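Asks: Quick one: the structure is below, and I'll ask about it shortly.
The values are calculated or read from the model by the stated rules, or taken from the named source; none is laboratory data. Small disclaimer: the values here were computed from a predicted structure and weren't measured. Every residue, glycine as well, gets a Cβ built from its backbone with ideal geometry; the counts of neighbours run over all protein chains shown. Protein only, heavy atoms only, side chains kept; ligands, DNA and RNA dropped before computing areas. Shrake-Rupley method; radii C 1.70, N 1.55, O 1.52, S 1.80 Å.
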Amino acid sequence: NFNVSEHIWMLGDRYFKLADQFYNDATKWWVIALYNRKPTESHVQVGDIVYIPYPLEDVLYYMGY
């Protein structure tokens, strides 16, 4: 089991910035993209809710990494 934080997508947001903020690892941006089923920022619009799963270790294990 893991927890999920909600983030409202704002102008200037990027997956790598969220990964750095929540995981302290910008290279894990793809975890957020994959979890939300929105592979790039162009699939997210201002005002959309983006879900951030954590703790990262549990999420990676669940995803098979």
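Asks: Restricting attention to region 41-65, which residues are among the hydroxyl-bearing types (Ser, Thr, Tyr) and under 11 Å from the mean Cα position of the chain (by Cα)?
Replies: Within region 41-65, TYR51, TYR54 qualify.
Asks: Mind listing whichever residues of region 1-27 are open to solvent by less than 60 Å² (accessible area, probe 1.4 Å) and closer than 23 Å to TYR65 by Cα?
Replies: Within region 1-27, PHE2, SER5, TYR15, LEU18, ALA19, TYR23, ASP25, ALA26 meet the criteria.
Asks: Another question, if that's okay. Only one of VAL50, VAL46, VAL59 is in a helix (DSSP H, G or I) and in contact (Cβ under 8 Å) with a residue 12 or more places away in the chain. Can you tell me which?
Replies: Being in a helix (DSSP H, G or I) and in contact (Cβ under 8 Å) with a residue 12 or more places away in the chain holds for just one of VAL50, VAL46, VAL59, which is VAL59.
Asks: When you scan region 28-55, how many residues do you find that are crowded, with 18+ Cβ neighbours inside 10 Å and not hydrophobic (A, V, I, L, M, F, W, C)?
Replies: 3
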